[in-house]
Each structure stands twice: as structure tokens, then as C-alpha cells.
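Here the structure is laid out as C-alpha cells; the discussion comes afterwards.
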Amino acid sequence: MENVVTNPQVYEHSIMHRAALFLLFFCLFVSNFAQAQDATLSRKARETYEKAQEAWQARKLPDAIALFEKVLEQEPNSYDTNLRLAQIYELQRNADLTKKYYAKAILLRPSAPQSAAALQWIGRYHFEAQRYDSAQVYFERALPLFPAKSSLARLAEKSIASSKFAREAIKNPLSIQKRSLGDTINFLNTQYFPVMTADDETLIFTGLTENRDENIYTTHRIKGKWDVPEEISASINTTNNEGTCSVSADGRTLVFTACNRPDGYGSCDLYISRKEGKDWSAPVNLGQEINTRDWESQPSLSADGHLLYFASDRKGGQGKRDIWVTKLDEKGKWAAPKNLGPHINTVDEENAPFIHANGRTLFYASNGFPGMGGFDIFISQRTDTVWSQSKNIGYPINTVADQVGLFIASDGQKAYYTDDGSEAKGRSLLYTFNLPQQVKDMIVPTRYAKGKVFDKKTNTPLASAIDLFDLKTQQKVGEFSSDSKTGSFLAVLNSGGEYAFYVSKAGYLFKSLSFTVNDSTSFVDLDIPLEAIEKDRAEVLNNIFFKTGEFSLDEKSKVELGKMVDFLGKNKTVKIEISGHTDDVGSDTENMELSRRRAQSVQQYLQESGITAERMTFKGYGETQPVAANDSQENRQKNRRIEWRIL
């Protein structure tokens, strides 16, 4: 049973990677030494060697060491004995003695196939000390001694490539200055996997208590400083372990990992919980479409909560653990997960995916590509459905240690991650740093719209559906909702977009807004009052467009008109008046006729879309009903409008 959710998933990876390396060589050694006896040994030395072998096979390592060293006292140039001692000291993680005996074995038989593992180990020894030239030399010597096209040969090839990569990366370091999030956040010995809401106001992370209980914690930014973390919810944290979570941009959907639960399908499963007001719902297993008998963990939700990326060792992947993605369909069910393919996944291990709020930039950890050693952070960009070839994010974000679990703020300015390096003094702490320009250039930043939806007459908070459309492409780019208890919402916007924003709720007129997001705007603040469907209640169609002085509908108007058709289709007894309005530029007669023709164009479009003529009237009011003084371009634009009113 896995006692800790995240430790086996992440921090144990460091041990697993090195242990796997050792075991790989161990298997090679066993096959060569199981019945081996050095033919050059004297009779007395051979007897001692056989006793040493028996002690080794019985895992009596101190006895085996003493006996193998006694052999070397008699026969210092025993190749097999030097290799066996190096292997034992490698198991005991005594690097100095491991190197001593491997080096002696290589000196004795530099071209022997059994020396390949020794050369590879010493290459890694130099690599971890950042002596990349020496490391490359040893890796290149090891490569031809391994069986061609074997996993060992592939490891040697990757090690050579990593030596070349690391040498150049250190010559061109990224400029970063990491900073601890402080003792208030780092209150445990171990905390990891930080995630944040898009407004950077809520931080959620996993922590491990002294009792080895893994829980999820949350804290909020108050006047620029982080408040004391609290357990996220009694309905989520249990006496078992919960961790490696992901939160939607608005902080209201949480997906996390839990292992060995009664309702689980495999060793570790993904669970989901939703927040209304201040309360989190009881977690629900995401089901057997996502969770299998294998290992599923390390989720990352898209900003709107409709795409879920995660790591799994399920069947059908590229290698061991891969990155997968699943999509929430219109019925609220998760589709069968898809593997992200060979540009992301390798025959080795990938984990800890993080999809940026922009929905197209993926960060994740891999030990399958050339890098700084162990697990490095990689970045890939999605165009339509195709992911670009992954790129190492660079040094010193990546180092010879394992890097797993990087979070980038929605505006692309700061990174948050876990470090258990020398500065942490044996602890796992949360850090932040400003992203260097080279990484910023790879990320399209996002902005967000934030606010509340409420009943205009009573001020009661409303739960509503919110659709976000890109007016340039007329494509829906986001689906959100407002909180039923608070009416609050947060919707992520890509920088530079021209957006249509639609808020709808049964029994109310739908609301349309339009705005453009630029780099100078961090967020859009929108308080949205909805009108109940009652006589004479009216709304403006904010995304109906005409060329100056014309009444033909622009293509960008079709999204809005589609919403109007949908509303009238759902409310079949409603009758409306469509009215056109202008500013004061031009003559009264021209403006009256222009407003009438524009209202008529809208009426005709709705009729052609299946809304019967008897449910609609249209009228032009020209410049007679301004909503603002005609004293600026902005105000004149407000007066040029199409309204609809309940009859």
C-alpha cells in the first residue's frame, strides 16, 4: 500500500530513477557473475571469493565486503572482485568507494562488456558534479560496450546528449532569483505542488504532516501578504492521504489524487470536488473512464475546468508513465483519455503536467529527453490539436536534481514550485521567482474578467451560465458559471482578444457585453445585473455590428443573433420589440431611417432563423432616446445601439 500520495509520485521518483539505474546494472552484473569465478585467482583467493559470493547472495553485505577485500589483499588485480565491491558500495550509496573500485576495474579491462556499467556510473558521477566533458568521455566509452539497440545503449546515448546539452545550458543560464514563500506558507517540513487561481489571490498546495498524513491546504492573499494556511475542507481531507491537486481558474473546481480508497479503481485515482460559497462538495471518483486498475495522478485542469491533463502508467502509452488528456462533454461526462503523443511522451517517464491558463502552453516533467539530469521541466505549445516538439525550459530552473511540478501564474510573470535543494536544509519548501524574459516569450499571458451576477431588482446573487466568444473567429473560447451562493465568477481571457460575453439564466433576459483585452489591462471588473422576464424589461444587444452609416449586419453579429434565437426558442411565449438607436451625427431624418432599417435587419435575421414574425416588432428611434450625452466618441458609441424589450 502506498502510504503517501505525492511522495511515491514525485519525491520518490528521484530515488526510483537512481535505483532503476542501479538495478539495471545490477541485473547485468548478476547475469555475468552468478556463477563467475576469476580464473586468475589462486586457490586460496578463490575459496575466499566463493565465501564472499555466498555472503553477497545472502545479502550479508558487511561480511561480503570484508571477504571481497580480503581477496584483493591476495589478488589486487582481480577484475571480478573490484566490480563486485563497486556494486556493493553503489548499493550502500558510498560514492567515493564505488568510484574507487569501478575505476580499478576499468583500468584492468577497459574494453570488457562488463565494464560498460562501470563507465556509465563514473560518467554519471562526473555529470552530477557538473564535469560534463569528463562525463561525456565516459558515456562515449560505455556506449559501444552495451548491446546494440538495448535500453542500456539508449541510456548511454541519452547521457551523451545530456552532457552536451548541460554544458551549453550552463554557459547560457536563465536569470532567476528564487524566493521562499516564507514561514507562514512553509509551516510544515514538507509542502509541494502549489497551484493558484487566475487572480493570484488563492494558493492551494499539498503538505505532509509529522504523522505522515498528506493533506491539501489553502491560503488567501490579504493586503499583498499570504494568510495562515488552513486545511481546505473536512469533506476533502481525511485520515488517509490526499494530494497533488489542481484547481480551475475561478477556484471552484478541484481535482486531486487519493490512493487506496474504498471506491478506487487502482492504486491511485483522481477525484473531483466543487465549491459553492465557502463549502466544498464531497469528493467524487472521476470514474472508470479515467481511473483504471493502473496509476492515475498529478492532475491539471484547464482554466474553464473542461480539459483535464494527468499522468498515468495505463496501457496504450508511449512508455512507462505518460501525460494524458480528457475532455468534459456537453452532458458533463469525461471522455476517454487520449495520450498526448510522442512530442510529449517518451519511452521513459513523464509526469506532473501543468496546462497554463492560456490553454495552449503545457509544462511537465520528463526524464526521457536530454537535459540537466533526472527529471527536467519541459514546455510544449499546442496549435489546434497538435503539440510542438518539447523544449527543455533551461538552467537553472532545471538542475542535476529532479525538478517536478512547476506552476506559472496566468499573467505569465511569476513561477511557483517546490525545491528541496541545499537552501531548504533537508525540507521541501515552496518558492517563487520572476520568469526570465526567454521563458516569458514562450507564454501567451492571459487576463481575466471577474465580478458578480445578481438580480437587478432584488440584488439576490444568481447562478448563471457564462459563455465567452472570440468575436474575430466567432468561436466559443470558454464556458463558465457564477456561484449560486455568492454570484461571483472568474473567466480567463487571452490577451489581445476582442470578446463577446453572454450571461444567461432561466427566467431572465440574457445579458451581452463586449470588450477588448490588451496588455495594459490585468483584469476586467464586471458586475452583471440580470432582468427577469417581465413586461417592458429591456436589454442592449452589445455585439451587433454595422458599418458606419449602413444597416447590413456585420459577420461578427451572428454570435449575438444566435443567442437571441436561442433565447426566443426557449421562451416561446415571449414577444419582443427590436429598436434601433443612433447618435446625433447626421440629420434627424437620416438617423430615424437608419435606426429603423437596422432594427429591421435584426428582425429579418431572426425570422429567417425560425422565429415567427408575429412574435416580433421593430422600430427606429433615431437619436431621440440617448443613454449618454453625445459629447464624446465613447458616449456616441453607447447611443448607437440595438435594444430588445419584452412586450
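Counting pairwise Cα distances across the range 273-400, what percent come out greater than 19 angstrom?
Counting pairs separated by more than 19 Å, the tail of P(r) holds 50 percent.
Would you mind giving the three semi-axes, in whole Å and largest first, of the ellipsoid equivalent to the range 543-647 according to its Cα gyration tensor?
Over the Cα atoms of the range 543-647, the ellipsoid semi-axes are 24, 13, 12 Å.
With the cut-off at 18 Å, tell me which of the pairs Lys275/Lys331; Lys456/Lys511; Lys225/Lys440 have Cα atoms farther apart than that.
Working: Lys275/Lys331 20 Å; Lys456/Lys511 12 Å; Lys225/Lys440 24 Å.
Correct reply: Lys275/Lys331; Lys225/Lys440.
Under 19 Å Cα to Cα from Lys149, which lysines show up? Leave out anything in the same chain fewer than 8 places away.
Lys158, Lys320
How many percent of all Cα-Cα pairs in the chain sit more than 39 Å apart?
Tail of P(r) above 39 Å: 46 percent of Cα pairs.
Of Val517, Asn211, Ser504, whose Cα points farthest to the positive end of the dipole of the chain (charges on the beta-carbon: +1 Lys, Arg; -1 Asp, Glu; origin at the Cα centre)?
Among Val517, Asn211, Ser504, the one farthest towards the positive end of the dipole of the chain is Asn211.
In Å, what Rg and Dmax follow from the Cα atoms of the range 179-440?
Over the range 179-440's Cα set, Rg and Dmax evaluate to 17.2, 49 Å.
Report the Cα centroid-to-centroid distance between the range 558-575 and the range 43-84 in angstrom, as an integer.
87 Å
Rg/Rh for the range 445-532 to two decimals, with Rh computed the Kirkwood way over all alpha-carbon pairs.
Numbers: Rg = 12.7 Å, Rh = 13.0 Å.
With Rg and the Kirkwood Rh in hand, the quotient comes to 0.97.
Can you give the convex hull volume of the alpha carbon atoms of the range 245-317 per residue, in Å³?
It is 81 Å³ per residue.
Over 24 Å, how big is the tail of the calculated P(r) for the range 453-586, in percent of all Cα pairs?
34 percent
We did not get these values from a lab; they are worked out from the coordinates using the rules stated. Note that the coordinates shown come from a computational prediction; the quantities given were computed from them, not determined experimentally. Here the Cβ is made from the backbone with ideal geometry for all residues, glycine too, and neighbour counts use every protein chain on show.
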